[in-house]
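K.L.:
Mind looking over this structure? Questions follow.
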Amino acid sequence: MSRIDKGKIVESVLNSINKPTERAVEAVAERRLMKLFCRNNEEVVELYVFYGRDRSYMLVPGMFCGCKDFEINVVLRREKGSCYHLVALELARRKGVLKTLEVSCDTVREIVLELLLNENSLTLRKIVHYQASR
């Protein structure tokens, strides 16, 4: 099995920016793309997340999404160049509409573990709910 070509994923995301899917545009309009960050001494750690209604996914801009569509159709079957979550992230970054929250590094670690294990993070949902109620 050959390795995945990361350049093709980046290219697919950039090509999709010109004609994004309705789902990607909707996700940006609903502000479902987030950047969480923490400061560890002088280092800044960033975590990008697609915050879905039922599931949330970790994202690496232009390279990786934790969703099943990315895993199956981009990585395994190679039927697609990227998923709509990555396209939505790039759109949100370009429009400057990422929700950006500073949290503790322990919180970032906890969210990463929850997303990897459950495709959801109760910690993240509590933070978002708290922010919305302020």
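Each value in this text was obtained by applying a stated rule to the coordinates, not by laboratory testing. What you are looking at is a predicted structure, and each value in this text was computed from that prediction instead of being measured. Here the Cβ is made from the backbone with ideal geometry for all residues, glycine too, and neighbour counts use every protein chain on show.
K.L.:
Give the total of Lys-Lys pairs in segment 1-104 with Cα-Cα distances below 22 Å; include a pair only if its members are 8 or more places apart or on different chains.
P.N.:
13
K.L.:
Which value in Å does the Kirkwood hydrodynamic radius of segment 87-134 take, with 1/r averaged over all unlike C-alpha pairs and then inverted?
P.N.:
On the way: mean 1/r = 0.0829 Å⁻¹.
Taking the inverse mean of 1/r over all distinct Cα pairs, segment 87-134 comes out at 12.1 Å.
K.L.:
Determine the relative contact order of the chain: mean sequence separation of Cα pairs under 8 Å and six or more apart, normalised by residue count, in whole percent.
P.N.:
Numbers: 183 pairs, mean separation 40.1, N = 134.
Relative CO of the chain lands at 30 percent.
K.L.:
I've got another one for you. Placing +1 on the Cβ of each Lys and Arg and -1 on the Cβ of each Asp and Glu in the chain, which of Phe37, Thr107, Val128 has its Cα farthest towards the positive end of the resulting dipole?
P.N.:
About the Cα centre, the residue reaching furthest to the positive side is Val128.
K.L.:
Arrange the following residues from fewest to most other Cβ atoms within 10 Å of their Cβ: Cys67, Cys105, Cys38.
P.N.:
Cys105, Cys38, Cys67
K.L.:
To continue, here is another question. What longest range of the chain stays clear of loop-exposed GluC sites (Glu not before Pro) (DSSP non-H/G/I/E/B, at most 10 other C-beta within 10 angstrom)?
P.N.:
On the way: sites that count: Glu42, Glu79.
Between the exposed loop sites, the longest stretch runs 80-134.
K.L.:
Now for a separate question. Projecting each Cα onto the charge dipole of the chain (Lys/Arg +1, Asp/Glu -1 at the beta carbon, about the Cα centre), which of Phe70, Val25, Leu14 comes out farthest on the positive side?
P.N.:
With unit charges placed on the Cβ atoms, the residue in question is Val25.
K.L.:
I've got another one for you. Assign unit charges at the C-beta atoms only (+1 for Lys and Arg, -1 for Asp and Glu), then state the dipole size of the chain relative to its Cα centre in Debye, rounded to the nearest 20.
P.N.:
340
K.L.:
Report, to two decimal places, the Cα Rg of segment 24-80 normalised by 2.2 N^0.38 Å (N = number of residues).
P.N.:
Numbers: Rg = 13.5 Å, N = 57, 2.2 N^0.38 = 10.2 Å.
Expressed relative to 2.2 N^0.38 Å, the Cα Rg reads 1.32.
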